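To start, the structure itself, in structure tokens.
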Amino acid sequence: MYVAVKGGETAIRNAHRLLAERRRGDRSVPALTVDQILEQLTLAVDRVMSEGSLYDRRLAALAIKQARGDLIEAIFLVRAYRTTLPRFGASLPIETSRMLVERRISATFKDLPGGQLLGPTFDYTHRLLDPDLAEDREPEPAETADPPEDRAIPRVTDLLGRDGLIEPDGGATEEAPGDLTRGPLAFPAGRDLRLQALARGDEGFLLALGYSTQRGYARTHPFAAEIRLGEVAIEIAVPGLDFPVAIGRIQVTECQMVNQFRGSAEAPPQFTRGYGLVFGHCERKAMAMALCDRALRARELGEDLTAPAQDEEFVLSHADNVQATGFVEHLKLPHYVDFQAELELLRRLRAEFDERRADDASDEREAAE
Amino acid sequence: MAPDALSGGFADPGRQSQAVFRALLDAMARPGTTARLGQGVRPPPPLNPAAGAVLATLADEDTPVFLDARLSAQGAVADWLGFHTGAPIVSDPAEAAFAAIADPEGMPPLAAFRLGSDEYPDRSTTLVLQVDGFGGPLPLVLAGPGIARAAELRPHPLPARFAEELRGNRALFPRGVDIVLAATDAIAALPRAVRLIDAGDLPCT
Amino acid sequence: MSAPAVPAAYNFAYLDEQTKRMIRRAILKAVAIPGYQVPFASREMPMPYGWGTGGVQVTAAIIGADDVLKVIDQGADDTTNAVSIRAFFAKTAGVATTTRTADATIIQTRHRIPETALKAGQILVFQVPIPEPLRFLEPRETETRTMHALEEYGLMHVKLYEDIARHGHIATTYAYPVKVEGRYVMDPSPIPKFDNPKLGDSPALQLFGAGREKRIYAIPPHTRVESLDFEDHPFEVQRFAEPCGLCGATGAYLDEVILDDRGNRLFVCSDTDFCEERRRAGHCGAKAAAMEPTS
């Protein structure tokens, strides 16, 4: 008995109810609150903010809850909300040398102005599962020193720059930075758009690409000159006022990679830069981003284009996990019509193939007789 | 800024701009037909209501607008557009996303506007050309996409050089400008793909 | 801490007015340059990329309160994604919806063109996954853009001819490339090539939206659209050996339904509205009596 697929609306409604049920889980276990996610799954929240391109911890936490912990789904929720927000303008460039630093390390100098500050890091933890956590035991309070107010810590790259050992940083231009969420991306893309695409890009994708550069696919000899995490002020220019107005603070992670030098007959040898900057505490992402940024500058720096990480179109077209997940998962949608078209052709080709075989066989018989 | 720059916009922007857009889409998809615009905007003269409605529907901060000498003679039109659309006004026609022309006789040649490139032919000017009406003595006989066989349009007044320039514009295809003709309450369009043919030279069916 | 700022109400048809303006400008340029893919700043929509975000943005930019919307996927009004998109517009725009092709002013579609001939004034909006017809021959946008600019389409003909050399047929059965008004080679979206002849000289306006790939293109009414072919291998469409089992239609595109594991199959119209209209008019297929669908 043929029963046409009907009742799509009911099926969808029921599926969504079941989804809500599964999200809630066992009702004898207290429901997870948004505050708990906000306070205790902070790195997940930071990743969702960073790849969701929206600095709002509470919405990111809500998205994680709604997505049952699926971070790409949560990023998608945040993006879909972000796109409905009005755009008031662009802030002034943030000044990370005036960051209220919570963590700051350099792999290039043992000691340096401002010092090294480990901060909240998994580094040097032994990765042993902790039974105390399983029992919800409260941790010992941590000892932290109050950071001196507005302590300017110079960036390692600025120190190198003072001696001219690293290429200049470009500096701010009059031109407003591009925004790939407001205009279609065209190639070749400027570094502003590339960095935006990388900052929004999937951590796993950038991690793999960055890793590939270390393994020889466009090796750039990177040194982590500095990784810093902390809060920076967001300032805007108000017409008629000759001083910037601070409208709030955000937490960011910045990574400055210093890479192999280059020079020419005219220019002295200098280190080159790779840059990573993301919302919140996303250190792995910031480092991978800096590696990819440097690899993508291959053309500008006159290097041979040999590896995927250097291929701007390839990297930028595939870095976005919301786009990628949508298109991969769209294969779930019905494709009966196209499949039928392929079936019809395949059957015809098979019939022709069999006919030819039969003809050949009869020809052979005739020849043999 | 003139005080009347603040008035005369769409009363219900979402609904009204959608209606104007659909009229435009229809006109652009069927060259030779005219589409009526309902009650819309009241721009300061010499910008006519249809041209004002088209600009209020399509122009914004991202679209530089060129105004011809007649429209820019007083600041009222620029002020009105600035307030209602936020569009920057430019004096170079080659920079314009939209160009409003109140004096077709004195307009710059079509080739002076932004024509797009072979790679990006869409990056070209849309002209909004004010006319008195579509009952002129000289027909433009049109063929091409959007037209079943041939269509006639009689916009007036237009300069004598217009037909020749339109042919020149077609020769650039896929580059070229697109033209919206705006009478007081009706519009028609001449997208770049349209061809001018001689009346006696209708294509065979 | 404040409550999450979740908006209670969205703008008409979801998109904000500025976004609509941007999309409308792109649509007008697309109509003016038939077959050319206009880049546009596609927005993130509350549905996944690849699931019709391009078509949804085009529909949202053109739809008005008086429109009557029909949404089909695979020709059917009741496939889940069609249901979902129709519900989206019913909710965000409050427009009337229909399943009848003849009653619709806007038809958003994935993978089919309705069997019922379209009329002047109707707009068909296609959801497009990969708008670039040359993409599978040359993955780089920078290259394909130049090929379109130079009207350099030799590669496409080479590909089609290689098919003939290997299989004796052009092995492209859907998303079959067309040339629009003698200029641009265009991907008609993954419609079966069966539907290609309906693209040309249609009284309706056809708009194509690719959200993830950020492109909009168009075929105005009464535009010349030719499916690429060769003199010795002219373009031809699929034919089905048997008529629709439910309505008896011949010359319609059919879905194959597997009835059991003993090789029994049923062929039925993919266009559900067409099939229902025919049955309502008294047409009856060979298997209609035994197979009356339960709904």
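At-a-glance table
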item	result
GNM result for chain A, Cα springs below 10 Å: residue of A:26, A:359, A:123 fluctuating most strongly	A:359
Per-pair calculated FRET efficiency, R0 = 30 Å: residue B:132 and residue B:39 via Cβ, rounded to 0.05	0.90
Built amide H within the under 5 Å cut-off of residue B:90, gap 5+	B:65, B:66, B:67
GNM result for chain A, Cα springs below 10 Å: residue of A:184, A:239, A:222 fluctuating most strongly	A:239
Partner chain coverage, peptide C:12-22 - average Cβ within 10 angstrom	5
Selection from A:139, A:166, A:128, by position along the positive dipole direction of region A:92-184 (Cβ)	A:166
Rounded to the nearest 20 debye, dipole of region B:67-205 from Cβ charges on Lys, Arg, Asp, Glu	300
Positive dipole terminus of the protein assembly as shown, leading residue within A:8, C:39, B:168 (C-beta point charges)	A:8
Volume per residue of the C-alpha convex hull in the protein assembly as shown, rounded to whole Å³	253
Close Lys-Lys pairs in chain C, where close means Cα under 22 Å and separation is 8 or more or interchain	16
Overall Cα dimensions of region A:212-277 - principal axes, largest extent first, Å	49, 31, 17
Difference of contour (0.36 nm per residue) and Cα-Cα distance, residue A:358 to residue A:70	98.1 nm
Residue-averaged beta-carbon neighbours from other chains (10 angstrom radius) around C:61-73	2
For region A:1-87, alpha-carbon Rg and Dmax in angstrom	16.4, 56
Chain B: calculated mean residue ellipticity at 222 nm from DSSP helix runs of at least 4, using -39500 (n - 2.57)	-7500 deg cm²/dmol
Two-site FRET efficiency, residue C:232 against residue B:111, from Cβ-Cβ distance with R₀ of 45 Å, rounded to 0.05	0.55
Proxy reagent accessibility, fewest Cβ within 10 Å first, across A:314, A:243, C:230	A:243, C:230, A:314
Fluctuation leader among A:63, A:20, A:309 - chain A, Gaussian network, Cα springs under 10 angstrom	A:20
Phi to ³J(HN,Hα) by Karplus 6.51 cos²θ - 1.76 cosθ + 1.60 over region A:179-189, Hz, x for Gly, Pro	9, 6, 8, 10, x, x, 6, 10, 10, x, 9
Antiparallel bridge percentage (DSSP; both residues within the protein assembly as shown; nearest 5)	65
Karplus 3J(HN,Hα) series, Hz, for region B:78-87 with 6.51 cos²θ - 1.76 cosθ + 1.60 (x for Gly, Pro)	4, 4, 4, 5, x, 6, 8, 10, x, 5
Ranked list, fewest to most other Cβ atoms within 10 Å of each Cβ, for A:275, C:49, A:124	A:124, A:275, C:49
Sequence-distant residues sharing a close amide H with residue B:186 (under 5 Å, placed H)	B:37
Angstrom value of the Kirkwood radius, inverse mean 1/r, which spans all Cα pairs in region C:115-255	16.3
Cα gyration tensor, region C:1-156 - rounded (a/c under 1.5), prolate or oblate	oblate
Normalised alpha carbon radius of gyration of region B:39-105 [divisor 2.2 N^0.38 Å]	0.97
Share of alpha-carbon pairs per 5 Å distance bin for chain B, given as whole %	1, 8, 16, 21, 21, 16, 10, 4, 2, 1, 0, 0
Chain C: calculated mean residue ellipticity at 222 nm from DSSP helix runs of at least 4, using -39500 (n - 2.57)	-7500 deg cm²/dmol
Stokes-Einstein translational diffusion, region C:172-291 - Kirkwood Rh over all Cα pairs, 0.890 mPa s, 25 °C, in µm²/s	149
Partner chain coverage, peptide B:14-23 - average Cβ within 10 angstrom	5
Prolate/oblate/rounded call for region A:147-242, Cα gyration tensor, a/c under 1.5 rounded	oblate
Helix A:71-82 axis, angle to chain A major axis (alpha carbon atoms, nearest 10°)	70
Computed [θ] at 222 nm, deg cm²/dmol, chain A (DSSP H ≥ 4; -39,500 (n - 2.57); rounded to nearest 500)	-13000 deg cm²/dmol
All lysines inside 29 Å of residue A:110 as judged from Cα atoms, apart from same-chain residues fewer than 8 positions distant	A:285
Principal-axis tilt of helix A:191-200 within chain A, Cα atoms, nearest 10 degrees	70
Sorted by Cβ density within 10 Å, fewest first, the residues A:68, A:162, C:21	A:162, A:68, C:21
Electrostatic dipole magnitude of region C:149-200 [Cβ: Lys, Arg +1; Asp, Glu -1; Cα centre; debye, to 20]	140
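Bear in mind that the values in this text are calculations on the coordinates, not laboratory data. Just so it is clear, the model here is predicted, and its values are computed rather than measured. Neighbour counts run over all protein chains shown; Cβ positions are idealised from the backbone, glycine included.
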